[in-house]
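Each remark here refers to the structure printed beneath this line.
Values quoted throughout were computed directly from the atomic coordinates according to the rules given, and no laboratory measurement underlies them. As the structure is a prediction and not an experimental result, all values here were calculated from the model. Heads up, the Cβs are rebuilt from the backbone with ideal geometry, glycines too, and the neighbour counts pull from every protein chain shown.
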């Protein structure tokens, strides 16, 4: 494993992990005349997350919501270095981060290298949280990265094409265009609304025979959706969903997802299983393993577990 | 397997296989007042192939070069039906085509159905021809479909990011940004030219340290490239390549491709193996198995083999 240590001119070396909101803002503003700055991230662009749900339906093109990090490097006169790699281990004792290049296809190098630092800025963000619900990782879409949105877009079209095939019963058609959003937070609600508009304004014209089978459901474990906002926003969204025909199932907790059905439970109904065509899991975020490990190392293990 | 036979009003039933140039033109022009028209294709859009090489470098966005078949259906007042499925067997004796829906994920149906026809229009096109060269299918990119172009685009960026990593020797950097085009026909030449412009006009600014390692090679088994056109076009292209630094290797036949090297042979040099970062295979097209099978059934087996 190669060791990188090219701090120049006696400047302190600052290593930034991640190119999301925090990482990109930091590197746009840090004074590179005072610090030797290196950025490590598996993603060579910053993404404007609020528009991500719009990419799922083609309202906005993926390249319109990203800014290449190398553009930022260039705007700042090449004053810092960027490496597309994932940091898989932080060693705070020897002040080193262990990194690995994302995909090793056709590369001779094993892709591993070590970067030492004086100051480490950890902005790697979080990962989708499945709460270990069985079948979620295998069968659900997430909506966290650009690739996720592009996959959802393809899947939505596949669902419509499948529902239009000649060899299906009405039940099977319904199943194929039953779109289920699990989690009534901002991501899930935005996606459900975007999909509703896409179906009614665009797809209804292209798939006139399929339109009548479409159903969009939002499943929320709590009593209300968008509980992180003012109550008026919650009520507005719930009313709007009711008027536009989005099926809102509150107080339902999803306990299992198979390739054919989503099983959810509610104190009144018990467990029920509904067939679906596409499911998006958006119940919130969890701590990445590397951060869990780092917090344990610096004595914050219990807090990390509690906040997860 | 469900049998589809919904010819209405005594009209003869025309089934079109494929949505490429021939299929899409035919269905835009056929008189649906005289015929009951059905279209079957695994691709629910027509693609404007001449712009496909531009998608590899992001000059043109993929959605700009496609026209959804369902748009055409709509423009023609819903006068024909489209099914996104692949025809895997033609039965000319009983006048039926056997079809299968592309991806069965989450579908209860096995995706198979049979369509009968009075007239069958076969416009399924061809497939890339590897001439059974070992390792090509596993290691090379093709440039035939929109997905191919999008994959190439991602791979080009990966090559640059890998070549920029800190843990590489100069040799490894060179390898990662050695772009090899196999086949000097229109597709390969267009791609090489497009990539050359992309590298010099855009990527050189974003990867100033990588630029000097980049090499684009075009390998052609014959004496010249673009032999299907007027000789002046061939000479112009070859001169242009020489001036712009694209390495043109004529009289070299590729005999093997591994994940690290491309092996080619020439009467003078014998076999040589060159390391590469990305390879695009564009040596021409071959007959699809379904068409081979169909030609044998109608007694054209030998011709099919000969023309392949």
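Structure notes:
- Rounded tilt (10° steps) of B:186-197 against the dominant C-alpha axis of chain B: 50 degrees
- Expressed as a whole percent, the proportion of Cα-Cα pairs in the protein assembly as shown lying more than 47 Å apart is 25%.
- Full-extension gain in nm, residue A:235 to residue A:112, via 0.36 nm per residue minus C-alpha separation: 39.2 nm
- Rounded to 0.05, the FRET efficiency of the residue A:63 and residue A:255 pair, given R0 = 51 Å and the Cβ-Cβ distance, is 0.85.
- Annotation for residue B:71 and residue B:91: the two label points, set 7 Å from Cα along the Cα-Cβ direction, are 3.7 nm apart.
- Other copies of residue B:119: label-to-label distances in nm, shortest first, labels 7 Å along the beta-carbon direction: 7.6
- Antiparallel DSSP beta bridges within the protein assembly as shown, percent to nearest 5: 45 percent
- Residue and distance for the chain B Cβ closest to the axis that moves B onto A, in whole Å, come to B:61, 3.
- Between B:144, B:240, B:253, the residue with the greatest mean-square fluctuation in the GNM of chain B (Cα pairs under 10 Å linked by springs) is B:240.
- Relative to the current alpha-carbon distance between residue A:34 and residue A:137, full extension at 0.36 nm per residue lengthens the span by 32.7 nm.
- Spin-label zone in region A:238-264 - amide nitrogen under 14 Å from a point set 7 Å from the Cα of residue A:227 along the C-beta vector: A:250-254
- Compactness of region A:20-107 - radius of gyration and Dmax, Cα, Å: 15.2, 48
- Relative contact order [Cα under 8 Å, 6+ residues apart], chain B, whole percent: 19 percent
- Contact order, relative form, for region A:136-284: 34 percent (alpha carbon pairs under 8 Å, 6 or more residues apart, mean separation divided by residue count).
- Shortest first, residue A:284 label-point distances to identical copies amount to 6.3 nm, with the label point at 7 Å from Cα along Cα→Cβ.
- Cα-based helix-to-principal-axis angle, B:231-244 vs chain B, degrees rounded to 10: 50 degrees
- Peptide-level mean, for A:166-176, of C-beta atoms on other protein chains within 10 Å: 5
- Kirkwood-Stokes translational diffusion coefficient of region B:136-285, alpha-carbon pairs, 10 °C, 1.306 mPa s, µm²/s: 101 µm²/s
- As a proxy for reagent exposure, ranking A:51, B:27 by other Cβ atoms within 10 Å from fewest up yields A:51, B:27.
- With label points set 7 Å from Cα along Cα→Cβ, the inter-copy distances at residue B:242 are 7.9 nm, sorted shortest first.
- Between 0 and 90°, nearest 10: helix A:146-163 axis offset from chain A longest Cα axis: 20 degrees
- Equivalent-ellipsoid semi-axes for region B:32-160 (Cα gyration tensor, √(5λ), whole Å, largest first): 31, 20, 14.
- The length gained by stretching the chain between residue A:170 and residue A:21 to full extension, at 0.36 nm per residue less their Cα-Cα distance, is 49.1 nm.
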